[in-house]
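Shown next, in structure tokens, is the structure this report addresses.
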């Protein structure tokens, strides 16, 4: 480096107008610009994406519901996702359960627990519990839950291992390329319909997954839209 | 040059220490860099709405509203030749016959309308039993257990926690519930009983009948006379 600068700043054979340091200025500017460029590209790549902006969003909820205790075959209670999110197979919107749903069990299990005070109040007065929405796509994106879960796309593909989370946070980026990854290669994720809510399920090998996925794509005539109007209206 | 690069290094270090890396958890609402139309002023399912006193987007029907289809099949609701199957076949929805007695058998007609305006027959077949199995395992097995013997996870946990719930969970293999007419079991699913809350909001009428059918299958399976069990199966049962 030092030798290179000395070479660039070597005495000219004839008289110079500019100071000798100016000889190496273009080179120095180029190096600075390059390094700055690398830093900016790295920063944009790291930060200007849902993977940074949205993933990890784990807000406090009004009622500290613990999914890892209640939900999934590996949990203590082993409830199916659909016990509470009961419209997921029928409706585009997967519902946050009503307080009545909590009360199916909690009317006889710890009904007076302070942790359930808000739920009890909601059951008695009909006042809504203000759950905080975690997984959010822009309002011009129309994601129908029922179509996906009825055609072999598990909850886990978008929501991650909710059954292992004490407080629910966003685990997947949910940006457009995330959607398109599956829409272009559905055979990578499709699973048997009775494993939809088994979040820990995995085909024996990646090759098996592709094999069964390809079969489902054929049998269920799966043709995920890749056009704008598939998801945007 | 070295001064600029030193500045850049310090600035990068400051940025990284301030922003962290991907994957960190945060309780703050995500930043939307360009939020063009990401948040639109429209009514959404289970959305919040400060205009109404109860804070909800969803409005309850006005008192006296007569049901006409449901929100899951909006096209049928506004069809000119719409006929409400529930009013044509009320016992399918209530589980009771015209005199108010519980149906002893499964309803003969379903809620599906044939093109001629007739109700399609209601078939208790393998498809219905599969539907019943799926629904039973999600909604019923929690308390009543996979074999309908009342040993669901609720009972197990109640024993662990010392809750009173343990005494109230019905063993559906008991003679009392075997003797229930189909319609009464349907009625309990739809409207609840004692400490059991209603499941009518979770199961459609057809799904409730499917669960009744599957429960009957479970009751049969637990009271099978030994001489009816195939020899090959008998060898595997202890």
| note | Expressed in Å to one decimal, the Kirkwood Rh of the protein assembly as shown from all distinct alpha-carbon pairs is 27.3 Å
| message | Starting from the 7 Å offset along Cα-to-Cβ, what nm value, one decimal, do you get for the label separation of residue B:112 and residue A:140? | response | 4.1 nm
| message | I need the calculated FRET efficiency for the pair residue B:137 and residue A:10, taking r as the beta carbon distance and R₀ as 60 Å, to the nearest 0.05. | response | 0.10
| message | Test of understanding: ordering A:194, B:28 by Cβ neighbours within 10 Å, fewest first, what list do you get? | response | B:28, A:194
| task | Using R₀ = 51 Å, calculate the FRET efficiency as 1/(1 + (r/R₀)^6) where r is the Cβ-Cβ separation of residue B:19 and residue B:156; round to 0.05. | result | 0.65
| query | Taking other Cβ within 10 Å of each residue's Cβ, how do A:167, B:229 sort, fewest first? | reply | B:229, A:167
| remark: Computed over chain B: longest principal axis from alpha-carbon atoms vs helix B:126-135 long axis, angle to nearest 10 degrees, is 50 degrees
| note | Residues of the stretch A:179-200 with backbone N under 17 Å of the label point set 7 Å from the Cα of residue A:207 along Cα→Cβ are A:188
| query | Which shape class applies to the stretch B:18-162: rounded if a/c is under 1.5, otherwise prolate when a/b exceeds b/c and oblate if not, where a ≥ b ≥ c are the square roots of the Cα gyration tensor eigenvalues? | reply | oblate
| field | R0 of 25 Å, Cβ-Cβ distance residue A:64-residue A:147: FRET efficiency to nearest 0.05 | value | 0.20
| query | Could you give the distance between the Cα centres of the stretch B:178-238 and the stretch A:1-61, to the whole Å? | reply | 73 Å
| task | Output the peptides A:181-193, A:25-37, A:96-108 sorted from most to least packed, where packing is the average of other Cβ atoms within 10 Å over each peptide's residues. | result | A:96-108, A:181-193, A:25-37
| query | Whole-Å semi-axes of chain A's equivalent ellipsoid, largest first, each the root of 5 times a Cα gyration tensor eigenvalue? | reply | 54, 26, 16
| query | Say each of residue A:218 and residue A:49 gets a label point 7 Å from the Cα, pointing the same way as Cα to Cβ; how far apart are those two points in nm? | reply | 3.5 nm
| Considering the zone a paramagnetic label at residue A:133 would reach in this model (a point 7 Å from Cα along the Cα-to-Cβ line), which residues of the stretch B:54-87 have amide N under 13 Å from it? | B:57-58
| task | Per DSSP H run of at least 4 residues, take -39500 (n - 2.57); add these up for chain B, divide by its residues and hand me the 222 nm value, nearest 500 deg cm²/dmol. | result | -10500 deg cm²/dmol
| Spin-label zone in the stretch A:102-139 - amide nitrogen under 14 Å from a point set 7 Å from the Cα of residue B:195 along the C-beta vector | A:103-112
| query | Taking each residue of B:134-144 in turn, how many C-beta atoms of other protein chains fall within 10 Å of its C-beta, and what is the average? | reply | 4
| task | From the P(r) of the stretch A:2-48, can you give the percent of Cα pairs sitting at distances over 13 Å? | result | 65 percent
| Which angle from 0 to 90°, rounded to the nearest 10, does the C-alpha axis of helix A:206-219 make with the longest principal axis of chain A? | 60 degrees
| request: For the protein assembly as shown, give the share of DSSP beta bridges that are antiparallel, in percent and rounded to the nearest 5; count only bridges with both residues there. | output: 75 percent
| request: Treating the angle as unsigned and between 0 and 90°, give the value, to the nearest 10°, between the Cα long axis of helix B:205-222 and the longest Cα principal axis of chain B. | output: 60 degrees
| task | Would you calculate, for chain A, the mean residue ellipticity at 222 nm contributed by helices, counting each DSSP H stretch of 4 or more residues as -39,500 (n - 2.57) and dividing by all residues, to the nearest 500? | result | -10500 deg cm²/dmol
| task | Calculate I(q)/I(0) for the stretch B:126-222 by the Debye formula, one identical point scatterer on each C-alpha and no solvent, and give its log10 at q = 0.10, 0.25 Å⁻¹ to two decimals. | result | -0.24, -1.46
| request: Please find, in a Gaussian network model of chain B (springs between Cα atoms separated by less than 10 Å), the residue of B:51, B:21, B:102 whose mean-square fluctuation is greatest. | output: B:21
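Sorted from fewest to most neighbouring beta carbons within 10 Å, what does the list B:139, B:186, B:180 look like?
Neighbour counts put them in this order, fewest first: B:180, B:139, B:186.
Quick note: the coordinates plus some simple rules give every number you see, no bench work behind them. Nothing here was measured: the structure is a model prediction, and the numbers come from that model. Glycine also receives a Cβ, built like all others from the backbone with ideal geometry; neighbour counts cover every protein chain displayed.
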